[in-house]
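To start, the structure under review is shown below, and the notes come after it.
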Amino acid sequence: MDKINILLLGAGGREHALLLKLAESPRAGKLYVAPGNGGMLQLAQQAPVNQDSPTEVATWAAQNNIGLVVVGPEAPLVEGVADAVREAGIPCFGPNASAARMEGSKEFAKQVMARANVPTAAYKSFTDRKACEDYVRELAGPCVIKADGLAAGKGVIVAQTTEEALSGVAQCFEGAFGDAGNTVVVEEMLEGPECSLLALTDGKTVVPLATSQDHKRAYDGDKGPNTGGMGVYSPVPEHLVGAEDLACMTNIMERVVAQLAADGIVYSGCLYGGFMLTKDGPKVLEFNARFGDPETQVVLPRMHADLLEVFMACDAGTLDSTMVQWDDDYAVSVVLASAGYPGKYESGKRITGLEEAAAQDGITVYHAGTKLDDEGNTLTAGGRVLDVTAVAPTFSEARRNAYAACDLIDFEGKQFRTDIGARAL
Ligand code: AMP
Ligand code: GLY
């Protein structure tokens, strides 16, 4: 069997989970990461390339006999890394830049949704600050202000009052989110529980993955600022997402991929749908052009699939729903973060208890913001440090085991939410 050497771009818990799953494939050859983290570098070699540079990535991959490039985060996709890799004749997992605009531009995503007749929040977009402020005053109530471009999970202000909305508009136009804020989208506020549905697609066939629910706020009880995600579980139980909602979300994903295809854009990779389950049914909050982080850390452990073959099929246009099966088990993942996250935090703290935690039944500790020192010790190197993930036959057991493993791990300033999955119980 011909082995396939893999280059995986990214450095988060999502990428550690992707790497571990890819490494299980019988066809996996040499594993390279750029830049990787403390956990990833224990099983892969670092490639000396800037993950956001299409030319650097494509050239290095061609020179080093890479048979598959897997792009974890959104920035390289929006920059056109997947285009450059494919142009070099190398299979790639992740959409080309034109398709990645589903995440890179909220305005573009809204236009695709309108053409595909997909339910989403009503919106208006503005490049003129005065017109935007006038519109917000006219609404005279709750609304959501969004910077149009990529803003690393920030750039969304959920405003209850006109005052909060105006301050959000000011932040956007005054450059708080960089160039992302040159165009500002004002949206109707939707209400209901949130649910993420990720789907793999080759541009024709759409294979939905298991449902999951992220916890975006920093503190217990959904208090505090928005973060990249503080914990997640999968699947989302029937009482929160019924069969009808699930069918509706799946249908929405299919319609979006078909609409893009009709527009001449092949979407190949993972499409992430963020939904609000309103009383009128699921409505789209946003699309992302990649796997979710931390959603991936609970979805992949429950998946029975040769991920390498699945990714090759997404690129080749030969994806088939029988390639992906699911476990009946439950997964809960708790993020251990540095004190101060999502604001300022310190790095370089020694982490203890990792091996003991990983030795527990059903536990995997995915590294996010970690690095190795010269002696091979693991140190903190980011806001979100580790994703402690438990898989078990019942939801309550998975939750209990995840928290027991969290207690075995220590580093100065360790902070985490104690209510991950509480809603599902
Ligand atoms: P986004 O990055 O667009 O998913 O927004 C981040 C978070 O802001 C979402 O997970 C929601 O909690 C909230 N949000 C975004 N859009 C809306 C909306 N139209 N109505 C209510 N909440 C929203
Ligand atoms: N967990 C949210 C995201 O990946 O966008």
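General observations
- Calculated FRET efficiency for the pair Glu107/Asp419, C-beta based, R₀ 51 Å, to 0.05: 0.90
- Sum of side-chain charges, Asp407 neighbourhood, beta-carbon under 12 Å (Lys, Arg +1; Asp, Glu -1): 0
- Candidate lysines - alpha carbon under 17 Å from Lys21, same-chain residues fewer than 8 apart omitted: Lys3, Lys30
- Electrostatic dipole magnitude of the stretch 106-149 [Cβ: Lys, Arg +1; Asp, Glu -1; Cα centre; debye, to 20]: 120
- Accessible surface area normalised per residue over the stretch 153-206 is 44 Å², counting heavy atoms of protein chains with a 1.4 Å rolling probe.
- The largest-to-smallest principal axis extents of the Cα set in the stretch 182-264 are 43, 40, 21 Å.
- Set of lysines near Lys130 by C-alpha distance (under 26 Å), chain-local residues within fewer than 8 positions excluded: Lys106, Lys110, Lys146, Lys154
- Average projection, convex hull of the Cα set of the stretch 30-166: 11.0 square nanometres.
- Cβ crowding within 10 Å averaged over residues, with 213-223, 15-25 ranked highest first: 15-25, 213-223
- Pairs of lysines in the stretch 279-425 whose Cα atoms sit within less than 24 Å of one another amount to 5, provided the residues are eight or more positions apart or on different chains.
- Equivalent ellipsoid semi-axes - Cα gyration tensor, the stretch 266-425, angstrom: 29, 19, 18
- Ranked packing of 121-129, 267-275, most packed first, by mean Cβ within 10 Å: 267-275, 121-129
- Whole-percent carbon and sulfur share, accessible surface of the chain, 1.4 Å: 47
- Across the chain, the relative contact order, built from alpha-carbon pairs under 8 Å that are at least six residues apart, equals 16 percent.
- Taking the stretch 200-324 and dividing mean pair separation by its residue count, relative contact order in percent (alpha carbons under 8 Å, at least six apart): 32
- Note on Met189/Glu238: beta-carbon distance plugged into 1/(1 + (r/R0)^6) with R0 of 30 Å gives a FRET efficiency of 0.65.
- Loop-located GluC sites (Glu not before Pro) in the stretch 74-123 (DSSP state not H, G, I, E or B) with no more than 14 neighbouring Cβ atoms inside 10 Å do not occur.
- Quarter the surface of the alpha carbon convex hull of the chain and you get the mean projected area, 19.7 square nanometres.
- Within the stretch 22-61, backbone nitrogen closer than 15 Å to the virtual label 7 Å beyond the Cα of Glu87 toward Cβ: 53-61
- Compared with the alpha-carbon gap, the fully stretched path from Asp407 to Glu309 is longer by 31.6 nm at 0.36 nm per residue.
The values are calculated or read from the model by the stated rules, or taken from the named source; none is laboratory data. What you see is a predicted model; the values in this text were computed from it and never measured. Cβ sites come from the backbone with ideal geometry, for glycine too, and all protein chains shown count toward neighbours. Please note that ligands, DNA and RNA were not included when accessible areas were found on the heavy atoms of the full protein model with its side chains. Shrake-Rupley method; radii C 1.70, N 1.55, O 1.52, S 1.80 Å.
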